[in-house]
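In what follows, a structure is listed as structure tokens, so that the remarks can point back to it.
The values are calculated or read from the model by the stated rules, or taken from the named source; none is laboratory data. Treat the numbers as computed from the prediction; the structure is a model and nothing was measured. All Cβ positions, glycine included, derive from the backbone under ideal geometry; neighbour counts span all protein chains shown. Note: accessible area is taken over every heavy atom of the protein model, side chains too, but ligands, DNA and RNA are not part of it. Shrake-Rupley method; radii C 1.70, N 1.55, O 1.52, S 1.80 Å.
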Amino acid sequence: MDIINADVIEQYNDIFGFETKNPLVAVVEFPSPKRVEHYRMNFGFYSLFLKNTKGCVINYGKTIYDFDDDTVVCFAPGQNVEISLVDGTEPKSIGLLFHPDLLHRMPLAQKIKQYSYFSYESNEALHLSAEERMIIVDCINKIRREIDRPIDKFSKSLINTNIELLLDYCMRFYDRQFITRDVINYDILSKFENLIDDYLNSGLTETVGIPTVKYFADKVCLSPNYFGDLLKKETGRSAQEYIQQKMVSFAKERVLDPSKSISQISDLLGFKYPQHFVRFFKRNVGQTPSEYRNLK
């Protein structure tokens, strides 16, 4: 199946039969004037969809996910999305589309990268309570009313402000979702802990290299962003910090083994050059490997 490139909002609107009122931002509602059964699309803009009935299967990560009632899913520019409508259904959803150019010279342009859920996978969607859904709909409707008004000198600022408000609410609700899924999160963290230990002790560092966040996120079937946010919420540390702490503990044990040279330990941990390992060790321990060994 060919990928449809929707680089600008007008292209997206043309595909589904929506009217383009503003080239940089739109609120769309499904079912659309033009029904498209199955397609793959590359987005050139940010989009957020609130879906409130079954009937749409979305695949933009490792998992194909049939959304239940009241879920929010977000896409960032450059993401490829595959969407299929379920036979005999008319899925209902409301979506906000906004092009990066809308944020030009606005405070939101500096903040947009903080909304890491734009890079979550489809199985990591935001599930809303009835009250939360009302808040999301209210925010979208405020943006819709601004789009419907004649453009004036306040339009861009007010639209950006309301988009930021909407995105902040989604951050709050995702934070709540991490808490309500505490048992699931604990299982993921336990698995992550075992995976790191296995990685370091099995010699994978020598063959695969220094462990990465993406490697472990793949192993627990999560996107790197969702995995990192979950870990930060549960432990107060980023995934990278957690991995580095494990590597430091592993390195300390090996450095205290006089039978291994610093170069051998560097190779064992997956560093390309011994001097890189020495810098890593000193940055995290405060001493070089040789100084730490001589303190024994």
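I'd like the residue in the stretch 81-113 that is at pLDDT below 90 and among the charged types (D, E, K, R) and, out of all such residues, is least open to solvent (accessible area, probe 1.4 Å). It comes out as Glu82. Restricting attention to the stretch 266-283, the residues that are closer than 12 Å to Ala251 by Cα and part of a helix (DSSP H, G or I) total 8. For Gly209, the conditions (1) open to solvent by 80 Å² or more (accessible area, probe 1.4 Å); (2) outside any helix (DSSP H, G or I) are fulfilled apart from (1).
Among the candidates Asn201, Asn194, single out the residue that is out of contact with any helix residue (DSSP H, G or I) (no Cβ under 9 Å at 6 or more places or on another chain) and under 30 Å from Arg254 (Cα atoms). Lay out the reasoning, then the answer.
On the way: Asn201 fails: out of contact with any helix residue (DSSP H, G or I) (no Cβ under 9 Å at 6 or more places or on another chain).
Among Asn201, Asn194, only Asn194 is out of contact with any helix residue (DSSP H, G or I) (no Cβ under 9 Å at 6 or more places or on another chain) and under 30 Å from Arg254 (Cα atoms).
On the stretch given as the stretch 162-188, residues that are surrounded by fewer than 16 Cβ atoms within 10 Å (Cβ to Cβ) and touching a helix residue (DSSP H, G or I) at 6+ places or on another chain (Cβ under 6 Å) total 1. Take the residues of the stretch 32-53 that are open to solvent by 70 Å² or more (accessible area, probe 1.4 Å) and touching a residue at least 24 places away in the same chain (Cβ under 8 Å): which is nearest to Lys142 (Cα to Cα)? My answer is Arg35. From the list Ser116, Ser47, the lone residue that is at pLDDT 90 or above, in contact with a Phe, Trp or Tyr (Cβ under 7 Å, 6 or more places away or on another chain), within 18 Å of Ile163 (Cβ to Cβ) and not acidic (Asp, Glu) is Ser47.
Within the stretch 249-258, the residues that satisfy the criterion of being part of a helix (DSSP H, G or I) and either open to solvent by 50 Å² or more (accessible area, probe 1.4 Å) or free of Cβ contacts under 8 Å to residues at least 40 places away in the same chain (or both) are Ser249, Ala251, Lys252, Glu253, Arg254, Val255. In the set Val36, Val73, only one residue is at pLDDT below 95 and part of a strand (DSSP E or B); that residue is Val73.
Considering Phe216, Phe154, the condition of being modelled with pLDDT of 90 or more, more than 20 Å from Thr71 (Cα to Cα) and either open to solvent by less than 60 Å² (accessible area, probe 1.4 Å) or acidic (Asp, Glu) (or both) is satisfied by Phe216 alone. Comparison of Ile196, Ile243, Ile147 shows that the only residue that is more than 24 Å from Ser116 (Cβ to Cβ), open to solvent by less than 50 Å² (accessible area, probe 1.4 Å), of a type in the set (A, V, I, L, M, F, W, C) and more than 17 Å from the chain's Cα centre (by Cα) is Ile147.
Residues in the stretch 226-237 that are open to solvent by less than 60 Å² (accessible area, probe 1.4 Å) and in contact (Cβ under 8 Å) with a residue 12 or more places away in the chain: Tyr226, Phe227, Gly228, Asp229, Leu230, Leu231, Thr235.
Of the helices (runs of 4 or more DSSP H) lying entirely inside the stretch 105-189, those carrying at least 3 residues that are aliphatic (A, V, I, L, M) are 130-148, 155-180. Considering (1) without any contact (Cβ under 8 Å) to a residue 40 or more places away in the chain; (2) among the small types (Gly, Ala, Ser); (3) open to solvent by less than 30 Å² (accessible area, probe 1.4 Å), the lone condition that Ser261 does not fulfil carries the number (3).
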